[in-house]
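The values are calculated or read from the model by the stated rules, or taken from the named source; none is laboratory data. All values reported here derive from a predicted model rather than from experimental measurement. Here Cβ is always computed from backbone atoms with ideal geometry, including for glycine, and neighbour counts include all displayed protein chains. What goes into the accessible areas is simple: the full protein's heavy atoms, side chains included, and nothing from ligands, DNA or RNA. Shrake-Rupley method; radii C 1.70, N 1.55, O 1.52, S 1.80 Å.
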Number of protein chains: 2
Amino acid sequence: MKRTFRLILEYDGAGFVGWQVQAEGTRTVQGELETAITRVCGAQVRVLGSGRTDAGVHAEGQVASVCVETEVPERRLRRALNGVLPDDLVVRDLKEVEESFDARRGAVSKLYRYSIWNGPQRSPLRASRALRLERPLDLVAVRRAAADLVGVHDFAAFQAAGSDVKTSVRELLRVDALGRSGATVDFYFEGTGFLRHMVRILVGTLIQVGSGRRAPDSIPGLLASRDRGQAGPTVPANGLTLLEVRYTPRGDPARSDANPQEKQALPLDSGSALRY
Amino acid sequence: MKRTFRLILEYDGAGFVGWQVQAEGTRTVQGELETAITRVCGAQVRVLGSGRTDAGVHAEGQVASVCVETEVPERRLRRALNGVLPDDLVVRDLKEVEESFDARRGAVSKLYRYSIWNGPQRSPLRASRALRLERPLDLVAVRRAAADLVGVHDFAAFQAAGSDVKTSVRELLRVDALGRSGATVDFYFEGTGFLRHMVRILVGTLIQVGSGRRAPDSIPGLLASRDRGQAGPTVPANGLTLLEVRYTPRGDPARSDANPQEKQALPLDSGSALRY
């Protein structure tokens, strides 16, 4: 019997060349997952992700869907997959969903975090998951600039050069920069969709604002320019984590059943779009 | 001119066989630090640590002292050392102190954290710094048992077999287990001194209490037994971090000057011994 499953995935991006299956011999999240499902269910499958994550980007709550012929109950299936998956990738949750569920098309919004270590020295214990900036960021200036990013805009200035998407219009629901335990600063971005490298270019630009190298009120002009050359640099991937993907109630029947222990405490966890 | 310095160190323990210099070809924190000082100051030196940390144990605030002939000002010396130290070791703070300062003898207490990931699945993003336990711990039971560990006791039951210290009497000032963001549980231990593997055996024993496999009121009997065989297992090193070493005001003249950004927010950061 063919059944459709929704998977919530956590992975350490350091060991992957990204989400999407690529040339033979490269290690991808999608590839490892498909191999594990084949081993457990004995069938070749295609796993759909909510979107691609780039090489080095981590996930605490990436969502994927797969349709596969199996009789194994959900819990046993999840355990069997985790038994064969490598250490840096885990299925946190697995639920049978209606046949029409598509992790990519059904996604309503995604929440990303970018972490910065703002201490006076580099930090060996944080280096693998955060960008180090020596000078403290002016978070008041950052938040002023961030407010102008919220809403529906053409984000052409914030996409990797050479992208060929149909439209670079996207909607950002929330952008914030929060200081946390000492000198860590976390940027949060929730949006209905993201262009290639968009979060990392947004962070690179907001860092310029927070360092006094770009005016807090310069965002509207930058958006209007649609010019990648005028935005900030693309910051490294290792500070970026896909925290959560949200679905419509219809597309996400299993959500309310999720183990509450697994629910990440999110400082921005309000249901509504937050403006400043 | 010979000057004495106090260094505060952060390191990722994964790449070291421990603090103390050992056989040729093994990578130790002490060894890397001595090599760096030799490169910067041109002199062979011996660095004294507040104590040894075992292979795999991390530090956010290990303290070391060194006496070396140099004219270089503190700030430049710190930067020069960090420029030649490997990525997994950093000097967070460096201050000139009085000649008599000895990082080991002057230490009044040490604060350790042991992190446990108590989620229903393993966690790739936490695996390198936390022990995974599948079943949630009963923290009320753990705290009841922990209260009996506070104070001056003979901790012979909680030391690695084969240790030959003069006395196994030590004083624990604070022991606590705190739930944090989702399914993470952090154990904190502050004491005037620790025996070999003591924190890790204490954690192994408290986990048994929190899992219902040992009575919360069994600690006094276990201490009285002085029998390593009756205590819990030694949990893995990778969950353990030396957070801070405290000194008497006399032994630590530089403390109040420390950059406030570097100060770790400690949930147990009260000056007095905490009983339950």
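Tabulated data for the structure shown
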quantity	calculated
Enumeration of residues in region B:3-24 that are under 20 Å from B:Glu60 (Cβ atoms) and either of a type in the set (D, E, K, R) or away from chain A (no Cβ under 14 Å) (or both)	B:Phe5, B:Arg6, B:Glu10, B:Asp12, B:Val17, B:Gly18, B:Trp19, B:Gln20
Subset of region B:220-236 [aliphatic (A, V, I, L, M) and open to solvent by 60 Å² or more (accessible area, probe 1.4 Å)]	B:Ala224
Hits in region A:136-163 - residues which are away from chain B (no Cβ under 11 Å) and not aliphatic (A, V, I, L, M)	A:Asp138, A:Arg143, A:Arg144, A:Asp148, A:Gly151, A:His153, A:Asp154, A:Phe155, A:Phe158, A:Gln159, A:Gly162, A:Ser163
Residue that is most open to solvent (accessible area, probe 1.4 Å), among those in region A:120-168 that are among the basic types (Lys, Arg) and more than 15 Å from A:Arg226 (Cα to Cα)	A:Arg135
Filtered residues of region B:36-90 (kept if hydroxyl-bearing (Ser, Thr, Tyr) and touching a helix residue (DSSP H, G or I) at 6+ places or on another chain (Cβ under 8 Å))	B:Thr53, B:Thr70
Sole residue being assigned by TED's automatic domain parsing to the domain that holds A:Gln22 and not polar (S, T, N, Q), chosen from A:Pro86, A:Pro124, A:Pro136, A:Pro120	A:Pro86
Every residue from region B:231-244 that is more than 8 Å from the chain's Cα centre (by Cα) and not in a loop (DSSP other than H, G, I, E, B)	B:Ala237, B:Asn238, B:Gly239
Complete set of residues in region A:176-200 that are open to solvent by 30 Å² or more (accessible area, probe 1.4 Å), within 14 Å of chain B (Cβ to nearest Cβ) and not hydrophobic (A, V, I, L, M, F, W, C)	A:Gly179, A:Arg180, A:Ser181, A:Gly182
Close pairs from region B:115-128: first within 9 Å of chain A (Cβ to nearest Cβ), partner part of a loop (DSSP other than H, G, I, E, B) and open to solvent by less than 10 Å² (accessible area, probe 1.4 Å), Cβ under 8 Å, at least 6 apart	B:Asn118/B:Ala183; B:Gly119/B:Ala183; B:Pro120/B:Ala183
Members of region B:157-210 that are touching a helix residue (DSSP H, G or I) at 6+ places or on another chain (Cβ under 8 Å), free of Cβ contacts under 8 Å to residues at least 60 places away in the same chain and among the aliphatic types (A, V, I, L, M)	B:Val175, B:Ala177, B:Leu195, B:Met198, B:Ile201, B:Leu202
B:Asp93 touching a residue at least 60 places away in the same chain (Cβ under 8 Å), touching an Asp or Glu at 6+ places or on another chain (Cβ under 7 Å), within 14 Å of chain A (Cβ to nearest Cβ) and over 30 Å from B:Val150 (Cβ atoms)	no
Boolean, B:Val203 is within 15 Å of the chain's Cα centre (by Cα), surrounded by 24 or more Cβ atoms within 10 Å (Cβ to Cβ) and not assigned by TED's automatic domain parsing to the domain that holds B:Tyr11	yes
